[in-house]
């Protein structure tokens with residue numbers, strides 16, 4: 001399959017590497033056509049790895065993944081172009097983290113809105129699914145790094161799109177029964193608002209490689 | 001030991017019942033001296049169960065628990081009186097849930113502040129510890145209702161107060177190693193902000209009797 005990834009940071013490249021390793025073709029998209037990180041990534045990725053603008057990546061992908069920081073996601077997706085996202089599954093893995101000069105974390109948006117919801121509102125033809133934002137990048141694409149069952153979440157308005165994302169997560173190593181459906185795209189708010197908790201847990205555990213499981 | 005509980009709702013009475021069952025003395029505090037729920041609770045609780053005003057409960061308790069809704073916690077604690085809270089461990093189990101007419105959940109405060117932090121700021125002599133707000137009431141006082149290890153959290157500025165709360169949680173059935181220290185009282189923000197996630201999980205699981213455990 002062909003994937004377009006919006007963003008060139010660590011999360012974007014981790015997802016891109018995994019998708020290529022699974023035999024997919026990936027275009028990594030950035031603001032400019034000649035972004036050094038994207039060029040270098042494509043060079044080492046082999047024939048199935050490409051780079052281009054946000055628009056190039058969105059045009060290329062049968063599925064598009066937003067891996068920009070949540071605070072700039074809408075701007076990046078506007079550059080990608082609504083017409084190139086229409087009808088496609090748009091996987092949003094972003095978090096709207098804002099760190100103050102003192103290192104204090106807040107979220108923007110928060111509480112009454114979320115990045116996932118904003119994307120779905122601004123691109124009503126895209127089939128937005130929020131997922132993977134509760135995990136450090138290495139775990140997103142390799143859940144077996146942790147022993148035992150643990151969970152990832154999906155939220156979105158389009159049930160068929162969520163099913164496609166569950167299948168995609170399956171190729172990453174997530175058993176379907178480990179994927180918890182949190183309902184409509186407003187669930188993105190719930191997922192993004194776990195970030196302050198996640199950061200405190202990371203400090204308590206001394207590692208970013210942890211994940212939720214649940215007792216019921 | 002003597003405990004004062006601020007509030008008379010389901011969480012307050014669940015905590016009160018458990019504390020009495022463990023041989024403690026409890027005063028359940030409400031806005032008025034003759035709150036029907038508090039009177040009824042004290043009647044069935046036996047000689048170690050009392051009722052009174054917020055001030056009576058705070059005066060009575062060697063440890064005070066805030067089990068009011070987070071949106072009214074400060075008002076209730078002002079009525080309890082700063083001088084009656086000074087020097088005491090003040091356990092805050094509240095969440096600042098606001099439900100719209102359409103049933104939509106938001107939090108107030110959120111993101112840049114929390115109930116736990118507001119209480120600590122307004123009552124600097126109290127030794128505030130946030131805990132238990134991530135759990136349905138029956139699980140707070142009986143973690144063995146769920147099989148396997150699962151976790152509860154503490155956040156607060158006073159390490160000795162947190163240690164006292166860990167001991168108190170131990171009497172409820174929480175092994176010390178199941179209690180995760182999330183740092184200073186700003187961790188209350190992280191804990192309160194998990195509420196939208198908790199509500200979505202409750203809907204996904206079809207029960208409020210679930211809890212976090214972690215893979216590392």
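Bear in mind these aren't lab numbers, they're just calculated from the coordinates by the rules spelled out. Everything numeric here is computed off the predicted structure, so don't read it as measured data. Don't worry about glycine lacking a Cβ; one is built from the backbone with ideal geometry, like all the others, and counts go over all protein chains shown.
Can you give the calculated 222 nm mean residue ellipticity of the protein assembly as shown, where each DSSP H run of n ≥ 4 adds -39,500 (n - 2.57) and the sum is split over every residue, rounded to the nearest 500 deg cm²/dmol?
-10500 deg cm²/dmol
At what distance in angstrom do the alpha carbon centres of the range A:147-177 and the range B:129-149 lie from each other?
The distance from the Cα centre of the range A:147-177 to that of the range B:129-149 comes to 28 Å.
On the first, second and third principal axes, largest extent first, how far apart are the outermost C-alpha atoms of the protein assembly as shown in Å?
The Cα atoms of the protein assembly as shown stretch 78, 38, 36 Å along the principal axes, largest first.
Let me check against my output: what whole-number percent is the relative contact order of the range B:151-194, with C-alpha pairs under 8 Å and at least 6 apart?
54 percent
Taking the label point as lying 7 angstrom from Cα along the Cα-to-Cβ axis, what are the distances from residue A:145 to the corresponding position in the remaining copies, in ascending order and in nanometres?
Label point to label point, same position, other copies: 3.5 nm.
Pull out the extension gain between residue A:82 and residue A:108, defined as 0.36 nm times the separation in residues minus the alpha carbon to alpha carbon distance; nm, one decimal.
Length gained, residue A:82 through residue A:108: 7.1 nm.
Given contacts defined as C-alpha pairs under 8 Å and at least six residues apart, what's the relative contact order of chain B, whole-number percent?
Across chain B, relative contact order equals 17 percent.
For the pair residue A:163/residue B:31, report the inter-label distance in nm, with labels modelled 7 Å from Cα in the Cβ direction.
5.1 nm
Rank these for me by crowding, A:164, B:62, going from fewest to most other beta carbons within 10 Å.
B:62, A:164
For the range B:3-70 and the range B:193-216, what is the separation of their Cα centres, given in Å?
Answer, in whole Å: 28.
Measure off 7 Å from each Cα along the Cα-to-Cβ vector at residue A:40 and residue B:209, then give the distance between these two points in nanometres to one decimal.
5.4 nm
Indicate the gyration tensor shape class of the range A:108-203 (rounded, prolate or oblate), computed on the Cα atoms with a ≥ b ≥ c the square roots of the eigenvalues: a/c under 1.5 is rounded; otherwise a/b larger than b/c is prolate and the rest oblate.
Oblate is the answer for the range A:108-203, as a/c is 1.5 or above yet b/c matches or exceeds a/b.
Determine, from the Cβ-Cβ distance of residue B:71 and residue B:125 and an R0 of 22 Å, the FRET efficiency 1/(1 + (r/R0)^6), rounded to the nearest 0.05.
Calculated value: 0.40.
Can you list, shortest first in nanometers, how far residue B:21 lies from the same residue in the other copies, with each label 7 Å from Cα toward Cβ?
4.9
Largest first, please: the extent of the C-alpha atoms of the range B:172-216 along each principal axis, to the nearest Å.
31, 25, 25
From the label point of residue A:125, set 7 Å along Cα to the beta carbon, how far off in nm is each other copy's matching point, shortest first?
Result for residue A:125, in nm, nearest copy first: 6.6.
With 10 angstrom as the radius, rank B:198, A:174 by how many other C-beta atoms surround their C-beta, starting from the fewest.
B:198, A:174
Can you tell me the convex hull volume per residue for the range B:3-70, based on C-alpha atoms, in Å³ to the nearest whole number?
It is 70 Å³ per residue.
Using a 10 Å cut-off around each Cβ, can you sort A:192, A:102, B:149 from fewest to most neighbouring Cβ atoms?
Fewest to most other Cβ atoms nearby, the residues stand as A:102, B:149, A:192.
Roughly how crowded by other chains is peptide A:185-195, in terms of the mean Cβ count from those chains within 10 Å of each of its Cβ atoms?
Other-chain Cβ atoms within 10 Å of each residue's Cβ, averaged: 5.
Send over the Kirkwood Rh of the range A:1-122, from the inverse of the averaged 1/r over different Cα pairs, rounded to one decimal Å.
14.4 Å
Rounded to the nearest 0.05, what FRET efficiency do residue B:1 and residue A:145 have when you use their Cβ-Cβ distance and R0 = 56 Å?
After rounding, the FRET efficiency stands at 0.80.
Per residue, what volume in Å³ does the Cα convex hull of the range A:2-205 take up?
Taking the convex hull of the Cα positions in the range A:2-205, it is 117 Å³ per residue.
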